[in-house]
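The values are calculated or read from the model by the stated rules, or taken from the named source; none is laboratory data. Please read these numbers as outputs of a predicted model, since none were measured by experiment. Heads up, the Cβs are rebuilt from the backbone with ideal geometry, glycines too, and the neighbour counts pull from every protein chain shown. Only protein heavy atoms, including side chains, enter the accessible area calculation; ligands, DNA and RNA are left aside. Shrake-Rupley method; radii C 1.70, N 1.55, O 1.52, S 1.80 Å.
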Amino acid sequence: MANKRFIPAHACGPDSRSPSDPERRTRLVQGGTLMGLVACSLLKVPSAGARSPDPLPSESHLAGIVDAFGGIPVTGDEVRVTVPATVDDGALVPVSVESSLPDTREILIVVEKNPIPLAARIRIPEGTEAFVSMRIKVAESGSIHALVRSGGQVYTASARTKVTLGGCS
Amino acid sequence: MASREETAEETALGHPIRIRARARNGITEALVLMPHPMESGFRRTGQGGVVPAHYITEVQITVGDRTVLEATLSPAVARDPLLSFRFRGGRPGDRIRVSWVDSAGVRRADEATIV
C-alpha cells in the first residue's frame, strides 16, 4: 500500500518495528503487562491523571460523552466504523469513520475501555467529506464507537476489535 | 531508559509534518503525518516514574483561506498521528498547510503542494 511507504522510519520510534527484531516481542510483552496494570488501576479512578490543558470533556463513559455533545443516539448504517477485527499492538490501531448522513459536521471517536475514552473530535467544514481515517491507542479488547453530529442530531455506530497487547492510552 | 525516551521525544518533535495531497476528479485526498511522541501521561519509565503527558491537542488544515479540517486530539491518538481525509475542490499547485499545537504549547506548521 502506498501508505506504508509514506510512513517514515521514525514514525515507529527509536525501536525498530521490524518483525525480524526478536527482542521487540519481549519488550512489548513486558511493557504491555505493565501498561495493562496501569490501565486497570486508572480505570478504577477515572478522575486520576493531571491533564490540565484538556479541551476534550473528560467523561469516562460513552453515555456521558453522548450527553456532553447533546442528542439522543440513533443507530443506523449511515455511519460506518472500520477497525481490524484483531490487532497485535494496541498502541497503533487504524480506525476509519465514514458517514453518509447529510450535513455531517463532526465526528468523534470513542474507545470504550480506554482510561480517556474520547480519542479525537474532528470538525468537518462545508466542502469536506464526512470521512476520516487515523490511528489510535486501544487499551484492551472492546468497542470503538463513532459519534457523528448531523443536522443537530447525534448518531452512533461501533465496531469491536480484539487487542492482543494493550496500547495503554 | 528515561533518558532514552527523552531522546526519542526530541527526535519525533524535530521532524517536519509530512503531507501528501492529490487532486483527482474534483476531490483532494490528503494524508498527513505529524511526528510527535503523543505521551499519554500513563506510561511508566523503567525506574517506576511516569512519563509526563505531552500530546498534540489541536490540528488545523487549510488551503488558502479555507479550513478543510480541524481536529482536537486526546492522548489516545497513536504516536505520530496520521490523518487521512478528503475534501471537494483543491487544484494541483494549490498549497495545503497543516499546523498543530501541543499540550506544552509547542507549535508547528508545514506546507505542501497539492499534486
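When only the Cβ of Lys, Arg, Asp and Glu is charged (+1, +1, -1, -1), the dipole of segment A:62-163 relative to its Cα centre reaches about 220 debye. Checking every one of the chymotrypsin sites (Phe, Trp or Tyr not before Pro) in segment B:74-114 against DSSP loop status and a limit of 16 other Cβ atoms within 10 Å picks out no site at all.
Surface exposure of segment A:73-169, expressed per residue as accessible area with a 1.4 Å probe, stands at 37 Å². Put simply, chains A and B cover up around 4000 Å² of each other's accessible surface, both sides summed, when a 1.4 Å probe is used. Normalised by residue number, the volume inside the convex hull of the Cα atoms of segment A:62-163 is 82 Å³ per residue. Placing +1 on the Cβ of every Lys and Arg and -1 on the Cβ of every Asp and Glu, with nothing else charged, gives chain B a dipole about its Cα centre of roughly 540 debye.
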